[in-house]
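Participant: Pasting a structure here, questions to come.
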Amino acid sequence: MDWDWNFVREILPTLIQGVKITILATLLGSVLAAIVGLAIALARRSENRAVSRTVGFLAEFIRGTPLLVQLYFIFYVLPDFGILLPPLVAGVIGLGLHYGTYTAEVYRAGIDNVPRGQWEAAKACNLGAGQTWTHIILPQAIPPMIPALANYFIAMFKETPLLSAITVLELMNQAKSVANTYYRYVEPMTLVGAFFLIISLFSVVLLRWLEHRYGKIER
Amino acid sequence: MTQWSGYLGLILQGALVTIELTLMGSVLALIMAFLAGMGRLPRFFIVRALATAYIEFFRGTSIFVQLFWAYFVLPLAGISLTPLQAGVLALGLNVGAYAAEVVRGAIQSIGREQYEACIALNLGRWQGMRHVILPQALLVMLPTFGNNAIELLKATSVVSLISLADLTFQAQVVRSQTGNTLMPFTTILVIYFVLALVISWGVRSLERRMARGIDGVRV
């Protein structure tokens, strides 16, 4: 098992191509997860029992099954119903839906943490439901959630290699194709591992800062 | 109409492999969790540093990368693993790192007065741990362990990518043989979900059993 720096230099440009897709998928997936999570959290609070029950069960189902199988489902099953998605789009939808069910719990906790008095004050000021949410509840609920949300986005980032299974050319897929072309696994696989390790060590620092900046609830 | 019963048998065989992997992975994860989690407590710097390095490394890189590393890179160092061994190793070490933080947190959550009581009763370090601290800490750990076990179950789907014939792999086999996508993927999604329900039900009933006798003690 010998490490060849020349080989590393040779494959690095290809891997960087993959890094771009990995980061793109993470960013798009995070945006989608943030939106889906909020939608699920709001639907579960719905007065309509049928809506809250159904959404609750679906979220539970998505959280209890593997992301990889969900990606296969989106990529292989949906075309049978006429929905043909490019790999990256399918991957982003999979990531967004899966992590949306996790971020929904973060939103739920954040919304529950807004004191009752705020709801009553909104009502006393004669604000409508939409106004109450956008002007009173969400502005107070969202800042304390930011560290927890960021935590899930980092977790999502570490799951992006799964997209290689549905032929997205992200970092892991580029590394696999390089490895299969040259029959050398040590450098590509180790570089991928090192890349994820470095990013997640940085993200620990970022998380600490976010917790410091937003984590405290002002009462 | 294709013979679904035969294909269903194939998928059930895959379910057995998934269950086997989950069980063996959980055992390894449990061992690593206690080793690394308690390894972060003592005064010796070396032990703490080793445990921290293990936890950060395995939480920082993704399970997929670790699995490929175990399967493709370790053989070059002379350690050849079967897909099953590589799968159990990667899953156990990965989830063990997450669970180690649970062990540490639970042990540290036990109040100082309990440790003082151990000293007052002249119990040794090990005796105090075994008879006083752990029985209480285990109860704190259990719910999170349940979540970790479900994460492990979900992560087992990744081993299908190193050609281990688990649920996801068999679904792909059925897909390539019949061309039907809806039936295999829906079936395995349901099976994964049922397995996840079984785990959370099992952990809840275990929690009830273990809580017997120490109900009154906990505040």
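Participant: Go through B:LEU28, B:LEU81 for me and flag whichever is more than 22 Å from B:MET141 (Cβ to Cβ) and surrounded by fewer than 21 Cβ atoms within 10 Å (Cβ to Cβ).
Facilitator: B:LEU81
Participant: Given B:THR52, B:THR61, which one is in contact with a Leu (Cβ under 7 Å, 6 or more places away or on another chain) and at pLDDT below 95?
Facilitator: B:THR61
Participant: I would also like to ask the following. Determine whether B:LEU74 is surrounded by 15 or more Cβ atoms within 10 Å (Cβ to Cβ), over 20 Å from the mean Cα position of the chain (by Cα) and under 24 Å from A:VAL192 (Cβ atoms).
Facilitator: Judged against the criteria, B:LEU74 is a match.
Participant: Pick from B:VAL159, B:VAL174, B:VAL132: which is of a type in the set (Val, Ile, Thr) and within 23 Å of the chain's Cα centre (by Cα)?
Facilitator: Answer to the check: B:VAL159.
Participant: Being touching a helix residue (DSSP H, G or I) at 6+ places or on another chain (Cβ under 8 Å) and among the aliphatic types (A, V, I, L, M) is the filter; apply it to region A:43-56 and report the residue that is surrounded by the most Cβ atoms within 10 Å (Cβ to Cβ).
Facilitator: For region A:43-56, the residue satisfying everything is A:VAL55.
Participant: Out of the helices (runs of 4 or more DSSP H) lying entirely within region B:41-112, which hold 2 or more residues that are in contact (Cβ under 8 Å) with a residue 40 or more places away in the chain and more than 12 Å from B:VAL159 (Cβ to Cβ)?
Facilitator: B:45-60, B:83-109
Participant: Now for a separate question. Could you list, in sequence order, all residues of region A:205-219 that are within 13 Å of chain B (Cβ to nearest Cβ) and surrounded by 13 or more Cβ atoms within 10 Å (Cβ to Cβ)?
Facilitator: A:LEU207
Participant: Filter region B:31-58 down to the residues that are within 14 Å of chain A (Cβ to nearest Cβ) and surrounded by 19 or more Cβ atoms within 10 Å (Cβ to Cβ) and list them by number.
Facilitator: B:TYR54, B:ILE55, B:PHE58
Participant: Could you list all residues from region B:155-174 that are part of a loop (DSSP other than H, G, I, E, B) and either crowded, with 22+ Cβ neighbours inside 10 Å or facing chain A (nearest Cβ under 7 Å) (or both)?
Facilitator: Of everything in region B:155-174, those that are part of a loop (DSSP other than H, G, I, E, B) and either crowded, with 22+ Cβ neighbours inside 10 Å or facing chain A (nearest Cβ under 7 Å) (or both) turn out to be B:LEU164, B:ASP166.
Participant: Do we find that B:SER205 is of a type outside the set (A, V, I, L, M), without any contact (Cβ under 8 Å) to a residue 40 or more places away in the chain, in a helix (DSSP H, G or I) and more than 14 Å from chain A (Cβ to nearest Cβ) in this structure?
Facilitator: yes
Participant: How many residues are buried (at least 16 other Cβ atoms within 10 Å of the Cβ) and either facing chain A (nearest Cβ under 10 Å) or among the acidic types (Asp, Glu) (or both) if we restrict to region B:184-199?
Facilitator: 10
Participant: Quick test for you: out of B:MET210, B:MET141, pick the one residue that is under 22 Å from B:GLU101 (Cβ atoms), surrounded by fewer than 15 Cβ atoms within 10 Å (Cβ to Cβ) and away from chain A (no Cβ under 12 Å).
Facilitator: Sole residue among the options that is under 22 Å from B:GLU101 (Cβ atoms), surrounded by fewer than 15 Cβ atoms within 10 Å (Cβ to Cβ) and away from chain A (no Cβ under 12 Å): B:MET210.
Participant: Which numbered condition in (1) buried (at least 16 other Cβ atoms within 10 Å of the Cβ); (2) over 26 Å from A:ALA33 (Cβ atoms) is the only one that A:THR132 fails?
Facilitator: Result: A:THR132 fails condition (2) only.
Participant: Any idea which of (1) surrounded by fewer than 22 Cβ atoms within 10 Å (Cβ to Cβ); (2) within 14 Å of chain B (Cβ to nearest Cβ); (3) touching a residue at least 60 places away in the same chain (Cβ under 8 Å) is the one A:ARG108 doesn't satisfy?
Facilitator: Failing condition for A:ARG108: (2).
Participant: For region A:1-85, which helices (runs of 4 or more DSSP H) that fit wholly inside it have 3 or more residues that are of a type in the set (Lys, Arg)?
Facilitator: Hits in region A:1-85: A:5-44, A:49-64.
Participant: Restricting the first residue to region B:169-181 and requiring it to be at positive phi, which pairs with a second residue that is surrounded by 14 or more Cβ atoms within 10 Å (Cβ to Cβ) and among the hydroxyl-bearing types (Ser, Thr, Tyr) meet a Cβ separation below 7 Å and a spacing of at least six or different chains?
Facilitator: none
Participant: For region A:178-204, give me each residue that is exposed (fewer than 15 other Cβ atoms within 10 Å of the Cβ) and either facing another protein chain (nearest Cβ under 7 Å) or over 23 Å from A:LEU149 (Cβ atoms) (or both).
Facilitator: Result: A:ASN180, A:THR181, A:TYR182, A:TYR183, A:ALA194, A:LEU201.
Participant: Within region B:101-132, can you find the residues that are surrounded by 14 or more Cβ atoms within 10 Å (Cβ to Cβ) and over 19 Å from B:MET32 (Cα atoms)?
Facilitator: Once the filter is applied, which keeps residues that are surrounded by 14 or more Cβ atoms within 10 Å (Cβ to Cβ) and over 19 Å from B:MET32 (Cα atoms), region B:101-132 yields B:ILE110, B:GLN114, B:TYR115, B:CYS118, B:LEU123, B:GLY128, B:VAL132.
The values are calculated or read from the model by the stated rules, or taken from the named source; none is laboratory data. Fair warning: this is a prediction, and the values are worked out from it, not measured in the lab. Note that we place each Cβ from the backbone using ideal geometry, even for glycine, and neighbour counts take in every protein chain shown.
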